[in-house]
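The values are calculated or read from the model by the stated rules, or taken from the named source; none is laboratory data. This structure is a prediction, so every number in the text was calculated from the model and none was measured. FYI the Cβ positions are ideal-geometry reconstructions off the backbone, even for glycines, and counts take in every protein chain you see.
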Amino acid sequence: MDGHLQLMFRVSTWYLLLCATTEWIISVSATATSHPPRADISACKLAANNDVYLSAGFGYELNCAPSTGTLNAFMIFVDFADEPAIETPQSLHDFFLPAAAEWYATSSYGALTLDVTADTSRFYRMPAAASSYGWARGLSYETHQKYIQDALDAYNATIPPTDVLYVVPTANAASISFSPTFMGDVQTRAGVYVAKKSVTFGLDAYKTWKYLVLNHETGHTMCLPDYYPFNGSATGLFIGGWDLMGLISGPSPDYFAWDKWRLGWLSDEQINCVAESGSTTHTLTPLEEAGGSKAVVIKHNGTNVLVAELRSASDLDSASCSTGVLLYTVSTTTATGEGPVRVLDATPGSSGCAGDKLNDAVLSLAGTSEYTVSGWGIKVTVLSESSDGTEIKVDVS
Ligand SMILES: [Zn+2]
């Protein structure tokens, strides 16, 4: 070190010492105005509105299947006189499992085990023709319940009480065209309790969605809403392909951090809550990987939050076509199918990727690095990106 550098070192040391008191005073006054303390996490845990069907808040009550620990399910296989089985029950079991269970193990970071007991001994013949069950007209609660109770009649053996009953039809049953979830208690016609919910699979599983339809429908058993629009608009209208409660075959099917928090897969310590005006900085780590901070939740009011999470092209989202900070709003007063979660398009000028304008909606230093939520007085800015995570700044006016 030569004399010149030593002098500079001494000068700068003195400078820091001399200024320390002043800086301390400045930072104290700034704390009150632009660096609010981290909000109590409960401020961001919007309560569900139980009058709103499948409200996306905390504590929604509909005898929901467990989302942590073990979700027990029982799987039976059915066929029909007009559309008889052309395969083995085991082959259909293997179509769904273990892939769907592994999906939950990964998405929940090990918090949820899907334990399916399957009777693969045979197909149980339904008492009526497949074409008689009304799938082509759409199902009501009553017609869906009739199908399930017919399956239980056909099974004609005791099923130990379980969380979810899976009814799997032969892939030859073209009449059973889609895969709805029955959200009421499942009982036999004799009134014997079987399960909290039932998922009855259909041809769309085999033809279009593959095993992920089980993860979508079982999401409903845990009381997650549909994120695609019920009004016939494009499936990706509200959230693109970012969560399989929207488009099942989307490029980024992992559940949103908001729902992982609600389901108990993310702890309070992994969420940063912003509930006051000011400027704060936060580090996000990829949602797809276990551990670290996963979301910043910015409270707008008692029923709406903005969420920022970091999505990467890894694990369950390995087919993702863009990566960065994903922003979306959550409304607890918006029912399933009406857009309770809406992804904000930070790149409105682009045409998107993987077939949807919202699939590249993310903020990143390589693209658009800041976004202002109009009408909410919230701005999110990406400050830095590294292997340790992405740092963002949240300004709330
Ligand atoms: Zn659904």
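Just a few scattered comments:
- In the condition set (1) exposed (fewer than 15 other Cβ atoms within 10 Å of the Cβ); (2) at pLDDT below 95, ALA39 is compliant with all but (1).
Residues checked against (1) charged (D, E, K, R); (2) in a loop (DSSP other than H, G, I, E, B); (3) under 22 Å from ASN272 (Cα atoms); (4) modelled with pLDDT under 95:
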{"site": "ILE25", "(1), (2), (3), (4)": "no, no, no, yes"}
{"site": "THR33", "(1), (2), (3), (4)": "no, no, yes, yes"}
{"site": "ALA56", "(1), (2), (3), (4)": "no, yes, yes, no"}
{"site": "ASN63", "(1), (2), (3), (4)": "no, yes, no, no"}
{"site": "THR70", "(1), (2), (3), (4)": "no, no, no, no"}
{"site": "PHE77", "(1), (2), (3), (4)": "no, no, no, no"}
{"site": "PRO84", "(1), (2), (3), (4)": "no, yes, no, no"}
{"site": "ALA100", "(1), (2), (3), (4)": "no, no, no, no"}
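- Identity of the residue in the range 122-181, touching a Lys or Arg at 6+ places or on another chain (Cβ under 7 Å) and of a type in the set (Asp, Glu), that ends up surrounded by the most Cβ atoms within 10 Å (Cβ to Cβ): ASP163
- Restricting the range 184-224 to residues that are part of a loop (DSSP other than H, G, I, E, B) and under 21 Å from GLU102 (Cα atoms) leaves a set whose member that is nearest to the ligand (Cβ to nearest atom) is LEU224.
- Scanning the range 255-274 turns up one or more residues that are within 16 Å of the ligand (Cβ to nearest atom) and assigned to a loop (DSSP other than H, G, I, E, B).
- Counting the residues of the range 152-183 that are assigned to a loop (DSSP other than H, G, I, E, B), of a type outside the set (A, V, I, L, M) and within 16 Å of the ligand (Cβ to nearest atom) gives 4.
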